[in-house]
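Here's the structure we're looking at; comments come further down.
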């Protein structure tokens with residue numbers, strides 16, 4: 001990519017409020033615990049005609065958790081973590097997630113890994129995070145597979161191994177995980193951990209973009225703009241830049257602004273370019289700040305305003321933009 005680097009290796013975190021899976025439910029389960037577990041579900045979600053009562057849900061799961069019921073332990077940890085039905089207590093959440101994870105509950109393993117990665121309720125420990133991501137990944141958890149790939153790709157808590165990262169990204173991508181699809185596409189584009197293949201890059205990027213992954217939408221816009229792995233098509237580039245820009249992605253707002261400024265793939269519109277540059281600039285995008293300053297200086301798409309021009313040029317210069325600093329210097333000299 002020559003326009004912008006692809007931001008492709010985001011780490012996916014979510015504490016999922018769902019059952020641990022059949023294998024985990026069988027571990028330590030008994031009819032009384034199962035009944036308490038289901039009653040807790042009804043109270044928490046208001047199912048089966050039961051009014052929502054999160055305190056009662058917590059009480060049901062606590063009783064079942066103390067009987068060794070892994071799914072209830074997972075849900076109890078969730079309650080402690082988010083303060084649902086009980087005062088928030090991150091240490092208690094870790095305690096119960098660990099109990100559930102050690103019984104093989106895949107969601108608890110994923111949640112425990114995420115807490116170790118973030119250092120939430122427990123001292124940050126990337127090696128321990130990788131350990132639990134791997135356990136969940138080996139049970140087929142797509143989010144854990146994606147995160148394990150991220151750790152392997154970047155050498156976080158484990159020896160860097162990009163080929164191994166690609167393996168886990170692929171497993172998650174094939175399950176439909178959008179972040180993994182985006183990351184796998186980026187690996188194919190850059191030839192990292194796998195042979196470079198623009199067609200494969202576009203294939204996986206498109207899958208992620210169609211699921212709403214903002215990074216993938218932006219990257220797909222760049223592919224169409226530059227003709228990488230796909231026929232060059234400015235209108236299609238604008239389509240994908242717009243989707244990402246509407247999600248507030250500053251790089252896409254910047255690129256879409258350039259399209260409006262040049263009239264490539266869209267009717268030329270200086271005022272719309274200014275609007276988009278401003279959105280990106282307000283999020284700290286250096287190039288957008290510089291361009292917005294120049295447009296104010298020249299009165300393109302907006303009334304000429306040297307004060308506003310200097311404001312944005314100084315913001316860009318403060319971030320290290322040499323061309324903004326030079327522009328300011330010449331401004332004062334003239």
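Can you tell me, using C-alpha contacts under 8 Å and at least 6 residues apart, the relative contact order of the chain as a whole percent?
Numbers: 628 pairs, mean separation 28.5, N = 334.
Relative contact order for the chain comes out at 9 percent.
What whole-number value in cubic angstrom gives the convex hull volume per residue for the C-alpha atoms of segment 174-252? Each step should come with its number before you reach the end.
Numbers: hull volume 6.0 nm³, N = 79.
Taking only Cα atoms, segment 174-252 has a hull volume of 76 Å³ per residue.
Hey, rough spin-label estimate for residue 246 and residue 333, points 7 angstrom out along Cα→Cβ, what's it come to in nanometres?
The two pseudo-label positions are separated by 4.6 nm.
What FRET efficiency do you get for residue 48 and residue 154 if R0 is 41 Å and r is their Cβ-Cβ distance, rounded to the nearest 0.05?
Working: r = 45 Å, r/R0 = 1.10.
Approximately 0.35, to the nearest 0.05.
Considering Cα pairs under 8 angstrom that are at least six residues apart, work out the relative contact order of segment 243-334 and quote it in whole percent. Working shown, then result.
Values: 132 pairs, mean separation 17.2, N = 92.
Contact order relative to length: 19 percent.
Restricting the calculation to Cα positions, tell me the Rg (one decimal) and the Dmax (whole number) of segment 83-214 in Å.
For segment 83-214, the Cα radius of gyration and maximum Cα-Cα distance read 15.9, 51 Å.
Once the Cα atoms of helix 126-138 and of the chain are each reduced to a long axis, what angle between those two axes, in degrees from 0 to 90 to the nearest 10, is obtained?
70 degrees
Relative to the longest principal axis of the C-alpha atoms of the chain, give the angle of the C-alpha long axis of helix 286-298, reported between 0 and 90° and rounded to the nearest 10°.
On a 0 to 90 degree scale, this one is about 30.
Hey, for a label at residue 123 modelled as a point 7 Å past Cα toward Cβ, could you say which residues of segment 141-161 have their backbone N under 15 Å away?
none
List, largest first, the extents of the alpha carbons of segment 243-334 along their principal axes, each in whole Å.
The Cα atoms of segment 243-334 stretch 41, 23, 18 Å along the principal axes, largest first.
Against the longest alpha carbon principal axis of the chain, how many degrees, from 0 to 90 and to the nearest 10, is the axis of helix 90-102 turned?
So the helix axis and the longest Cα principal axis differ by about 70 degrees.
Compute the orientation-averaged projected area for segment 232-271 from the convex hull of its Cα atoms and round it to one decimal in nm².
Details: hull surface 10.1 nm².
Computed as one quarter of the Cα hull surface, the answer is 2.5 nm².
Using only alpha carbons, build the gyration tensor for the chain and give me the equivalent ellipsoid semi-axes, biggest first, whole Å.
Values: eigenvalues 439, 109, 70 Å².
Ellipsoid half-lengths, sorted descending, are 47, 23, 19 Å.
What is the gain in length, in nm to one decimal, between residue 311 and residue 34 on full extension, counting 0.36 nm per residue of separation less the C-alpha to C-alpha distance? Don't skip to the answer; put the middle values down first.
Numbers: separation 277, 0.36 × 277 = 99.72 nm, distance 6.29 nm.
The span from residue 311 to residue 34 would gain 93.4 nm if fully extended.
Here, each number is a calculation from the coordinates, and none is a lab measurement. From a predicted model like this one, the values you see are computed outputs, not experimental measurements. A quick note on method: Cβ atoms are made from the backbone with ideal geometry, for glycine too, and the neighbour counts reach across all protein chains shown.
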